[in-house]
Amino acid sequence: MSMAQQAEPAATTPPAPGPEQQKDGRTTRRPLALRLLARPEVGVFLGAVAVLVFFLFAAPPVRDGSSMANILYQSSTIGIMALPVLMIGGEFDLSAGVAVVTSALTASMLSYQLTLNVWVGVIVALLVSLAVGFFNGWLLVKTGLPSFLVTLGTFLILQGVNLAVTKLVTGNVATDNISDMDGFDQAKALFASSFEVGGVQVKITVIWWLVFAALATWVLLRTKYGNWIFAVGGNKESARAVGVPVTFTKISLFMLVGFGAWFVGMHNLFSFNTVQSGEGVGQELIYIAAAVIGGCLLTGGYGSAIGPVFGAFMFGMVQQGIVYAGWNPDWFKAFLGVMLLGAVLINLWVQRTATRR
């Protein structure tokens, strides 16, 4: 048989790739543990459980219902402000602590000095708080300055104004008692009342805290505005290129901080009937730390609303747990620093582990 007459070898179809051949680093489904670690709130949840268990043994009074209600109350006043503190949006507000006092002073002095219904002072205080937030956001987007510098300036301005105006108007460093003024009881019921659960008095701020957290979670995960927040926090120029209203998003986030400051300020006012003008300094660091411990990155673009809830709970647990354990309360700041550094390191490890191929 000649070479020309030899049959060509039959074409063979290569065998279909088996399951092992089909998988590569891009298509393999990650284990459940890694997918859970990718959630920003998982690390702080485990930390909060650990802190709770520790103080349940180290401080037996914590097991009492009234003690836990007090811990939740302390956590709620931190948590309400930790929710809008801007971390996911890539900014932070150093004026948040004194802005709380500014709102309370505005409502108190306006109502008392002009003999008005306290609701007038409450509404004006809301407008002032929103205006402070608008100013911070507007100055940030117009100048391109870091939020650290912008809000540090606002912090110093508000701190000085709080003290100077209060002394000028009242002749003292504290406002007058407004508990006998029209509208006080109704405002107190909204901002500073308590209700009974199983024989234990629980502050209304705990409910507001959880409601705000649920609302913030829905906004972040289910709305276009939530997508804008993540996009602006991740890379504002890329976000602007795809049509995200960066200016509106940044300014509105600072105004949300103003709203939170107003709400906590109203709670403080109607809880104690008066306001000390020098308070609030240092609280902004606690709000920011609660958000960072809750899994939000200082660089923005990553985080959740649930994480700061657990972060605030850890703060409340440690703050009150030290007291119930009979330790020196001065240790709180040391614990605060340890928790903050630990949270940053854990968040870094979680991100690297969750994104590992």
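The values are calculated or read from the model by the stated rules, or taken from the named source; none is laboratory data. The model shown is predicted, which means the values in this text are computed figures rather than measured ones. Cβ sites come from the backbone with ideal geometry, for glycine too, and all protein chains shown count toward neighbours. Each accessible area value is taken on the protein alone, full model and side chains, heavy atoms only, with ligands, DNA and RNA left out. Shrake-Rupley method; radii C 1.70, N 1.55, O 1.52, S 1.80 Å.
Sorting the Cα pairs of the chain by distance into bins of 10 Å, from 0 upward, gives 5, 21, 28, 22, 10, 4, 2, 2, 2, 1, 1, 0, 0 percent per bin. Shown are Ile293, Ile207, whose ranking by accessible area with a 1.4 Å probe and every protein chain present, most to least, is Ile207, Ile293. If you take the Cα centroid of region 148-202 and the Cα centroid of region 324-346, the two points sit 27 Å apart. Taking R0 as 41 Å, what's the FRET efficiency between Ala241 and Val338 from their Cβ-Cβ distance, rounded to 0.05? Efficiency for this residue pair is about 0.50.
In the assembled protein chains, Asp64 presents an accessible area of approximately 80 Å² (probe radius 1.4 Å).
What you get for the chain, charging only the Cβ of Lys and Arg (+1) and of Asp and Glu (-1), is a dipole of about 1100 debye around the Cα centre.
Of the whole protein surface, Ser179 contributes about 50 Å² of accessible area at a 1.4 Å probe radius.
When a 1.4 Å probe is rolled over the protein heavy atoms, the share of accessible surface on region 130-247 that falls to carbon and sulfur comes to 65 percent. Annotation: Lys236 carries an accessible surface of approximately 90 Å², with a 1.4 Å probe and no ligand, DNA or RNA atoms counted.
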